[in-house]
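The values are calculated or read from the model by the stated rules, or taken from the named source; none is laboratory data. From a predicted model like this one, the values you see are computed outputs, not experimental measurements. We place every Cβ from the backbone using ideal geometry, glycine too, and count neighbours over all the protein chains shown. Calculation scope for accessible area: heavy atoms of the full protein, side chains included, ligands and nucleic acids excluded. Shrake-Rupley method; radii C 1.70, N 1.55, O 1.52, S 1.80 Å.
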There are 2 protein chains.
Amino acid sequence: MPPTLKDVAERAGVSRAAVSRTFTDGASVSPKMRRKVEKAATELGYSPNALASSLTTGRTKLIGLVSNNFHNPIFLEVFDLFTRGLQDRGLRPLLVNLSNETDPANSIRMLRQYSVDGVVVASSTLPPGFAKSFRDAGVPVVHSFGRYSSSPEVHVVGIDNAECGRMAARELIRRGYRDVAFLGGPEGATSTQDRLRGFLEELARHPEIAVRHSFAEAYSFNAGRREMLKRLEDRPAEAYFCGDDVLSIGALSAVTGSGLTVPGDIGLIGLNDMEMAGWENINLTTIRQPISEIIGSSIELIVSMLENPDRYPETRLFPCRVIERGTLRPVPG
Amino acid sequence: MPPTLKDVAERAGVSRAAVSRTFTDGASVSPKMRRKVEKAATELGYSPNALASSLTTGRTKLIGLVSNNFHNPIFLEVFDLFTRGLQDRGLRPLLVNLSNETDPANSIRMLRQYSVDGVVVASSTLPPGFAKSFRDAGVPVVHSFGRYSSSPEVHVVGIDNAECGRMAARELIRRGYRDVAFLGGPEGATSTQDRLRGFLEELARHPEIAVRHSFAEAYSFNAGRREMLKRLEDRPAEAYFCGDDVLSIGALSAVTGSGLTVPGDIGLIGLNDMEMAGWENINLTTIRQPISEIIGSSIELIVSMLENPDRYPETRLFPCRVIERGTLRPVPG
DNA sequence: GAGCATTTTGCAACCGGTTGCAAAACGATT
DNA sequence: AATCGTTTTGCAACCGGTTGCAAAATGCTC
């Protein structure tokens, strides 16, 4: 139904090749020819079919954006930044929701059928092997918010989760807490494991401080709330480092709902600094993850892989920092 | 690089047409042939190129998912439901972020270049003309969360915003408020206009009740908070119907942050019933918008348009209902 | 095993573009 | 005006599939 190259060529009285050339930049076309073609094209309302041209050029400018996290509000920011960043570079995000899938094979097949030029895996809970299987299928891939590895097999952009754990521990120690805990996300998630590891590592240097940990079933408000309610049944710790902000807010709700106060009775520190953490009625002390930088860097990386698919895989980690708000008690003295 | 139809045909010692047929269902292939082809295909790891086939079939199974709302957490639920629903039907969402665009021409061109089979516009703030320009370009379109029109030009699926306004008014009246207000979203948004209209309409039947209204600059926490802070400077109303839940939560934060209580000093009712509204520390009374039904219906509609593009445009409205939580005072008596 | 209807298969053209190559047009030089 | 080097243009093959049509194969019946 929409006009094709041939229609334009006929109307302009030139060859199809000539039309094609006027629409691919860098091709040799005389000014006269260009005028003729452009006139015919606008008269017909022609715009080239990107999919047809992808057949010969081997480029679709389609990027698979794969995620399994459609419940944490931080991911709305993530999608916003990714879609805008990709669009600005003339790339189109093909969204894949992995929420109920476990097997990568399906989504790999699907993305190959649409011959995406590259894939961005945006998730802190998917195992590293997931991104790897895209690479094995010959598709350039970047794992955003993925796990640090000293010998990376795919590009990873994210934060040093273990360092965040240490950072949280130092912050709690600095404020004089003597009985602290980690309230993590799902036990299997690599991000949870790493944050816990760092947390324990740092606290191991302070044997006088009691440490414990437990896991919520998901990175979600309700999971955080439920887990904290369980902790409150027995004698709770003085302060909790929660796996992420949403968990923290759930935990916060459990604490205040039980008639205790934050930070009076219990201190809380989260991770992410999602928009909501700054809301007046939440005001969560947290560790800021520079998601905008992470995403910018991920896009830059995937773009560079379009030119050079065999680019040596690297890990890019961005520093986090503590954002002080109102859920930890002040530094003593 | 990936194996093509031809490779499979050669390996199986059959014609390319035969291979094509074994991969299109409903085509006539003998069991023997099918076995031969499938064997060769799995050996080579072949899977058909959806884009190439779209050239002849005219179907890409790509659906443009267009939105300008990447800040309201409710839209994460929206994206989740849309992507899952489309995937389940073998369709692929091509995400378009309209946040900084105002002119539809660009996105229309882009979606036509990728020959999407249809477009879903998911937004309550885009003008009706936006969806229309897709239709004019010959692309099947559904406007989800769009405005009701008695003579619709495109498919609209959503709620009756005016009725929601009336519903909120009735709820406030029922609880004995005598001085009420509408704290709307951006003045230009059709959803805001309609909600206000309904709200005023219902209150016009109760001249003894004072009514006023004002608008926030966006459907966002900060806008709601700022606007409510302004209202609090002067003598505020007894109760506010806020344009949506995010605005309500912002307003809630402004009220409690000013040392007043909800619903003691000021009552609040929102609209959407986003997940967060039910969180213990928010506990917002609100009007539930059945987003899952709206999205299911939108998908059903766009799917049916793939078969029958000239389907007569209809408006589908879903009923809302009040979810009673803790931000309005109890019914007197 | 011949004759027939039915199914299966391959040929070849086509979908909407791109691109290597050679012919045509152009411009400069003598 | 003839020669030569450059640029511009068109031809035709190709990208990875699909599909109408006719030929080949199959299954039945007698």
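Restricting attention to segment B:25-50, the residues being among the acidic types (Asp, Glu) and in contact (Cβ under 8 Å) with a residue 12 or more places away in the chain number 2. From (1) assigned to a loop (DSSP other than H, G, I, E, B); (2) touching an Asp or Glu at 6+ places or on another chain (Cβ under 7 Å); (3) of a type in the set (A, V, I, L, M), pick out the condition that doesn't hold for residue A:126. Here residue A:126 meets the rest and fails (2). If you go through segment A:1-32 and keep only what is in contact with a helix residue (DSSP H, G or I) (Cβ under 6 Å, 6 or more places away or on another chain) and over 30 Å from residue B:49 (Cα atoms), you end up with A:11, A:12, A:29. Among residues of segment B:4-25 being more than 12 Å from DNA strand C (Cβ to nearest atom) and in a helix (DSSP H, G or I), the one that is farthest from residue A:117 (Cα to Cα) is B:11.
Take the conditions (1) of a type in the set (Val, Ile, Thr); (2) part of a helix (DSSP H, G or I); (3) out of contact with any helix residue (DSSP H, G or I) (no Cβ under 9 Å at 6 or more places or on another chain); residue B:116 misses just one of them, which is (2). Is at least one residue of segment A:122-144 facing chain B (nearest Cβ under 7 Å), open to solvent by less than 50 Å² (accessible area, probe 1.4 Å), without any contact (Cβ under 8 Å) to a residue 40 or more places away in the chain and hydrophobic (A, V, I, L, M, F, W, C)? Checking segment A:122-144: not a single residue is facing chain B (nearest Cβ under 7 Å), open to solvent by less than 50 Å² (accessible area, probe 1.4 Å), without any contact (Cβ under 8 Å) to a residue 40 or more places away in the chain and hydrophobic (A, V, I, L, M, F, W, C). Checking every residue in segment B:40-48 against the condition of being touching a strand residue (DSSP E or B) at 6+ places or on another chain (Cβ under 8 Å), more than 11 Å from DNA strand D (Cβ to nearest atom) and polar (S, T, N, Q) gives zero matches. Do you know which residues across segment A:70-100 are part of a loop (DSSP other than H, G, I, E, B) and within 9 Å of chain B (Cβ to nearest Cβ)? Answer for segment A:70-100, where residues must be part of a loop (DSSP other than H, G, I, E, B) and within 9 Å of chain B (Cβ to nearest Cβ): A:70, A:71, A:72, A:73, A:99, A:100. Close contacts from segment B:244-271, counting a first residue that is of a type in the set (Lys, Arg) and a second that is in a helix (DSSP H, G or I) and surrounded by 24 or more Cβ atoms within 10 Å (Cβ to Cβ), with Cβ to Cβ under 7 Å and a gap of 6+ residues or different chains, come to none at all. In segment B:3-24, the qualifying residues are those that are touching a residue at least 40 places away in the same chain (Cβ under 8 Å) and within 7 Å of DNA strand D (Cβ to nearest atom), and the one that is nearest to residue A:136 (Cα to Cα) is B:4. A Cβ distance below 6 Å, combined with a sequence gap of six or more or placement on separate chains, defines the contacts here; from segment B:93-110, residues that are in contact (Cβ under 8 Å) with a residue 40 or more places away in the chain reach residues that are in a strand (DSSP E or B) and open to solvent by less than 30 Å² (accessible area, probe 1.4 Å) in the pairs B:107/B:96. Once segment A:26-65 is narrowed to residues that are within 10 Å of DNA strand C (Cβ to nearest atom) and more than 14 Å from chain B (Cβ to nearest Cβ), the residue that is least open to solvent (accessible area, probe 1.4 Å) is A:27.
Of the strands (runs of 3 or more DSSP E) lying entirely inside segment A:226-333, the ones with 2 or more residues being open to solvent by less than 10 Å² (accessible area, probe 1.4 Å) are found at A:239-242, A:267-272, A:286-288.
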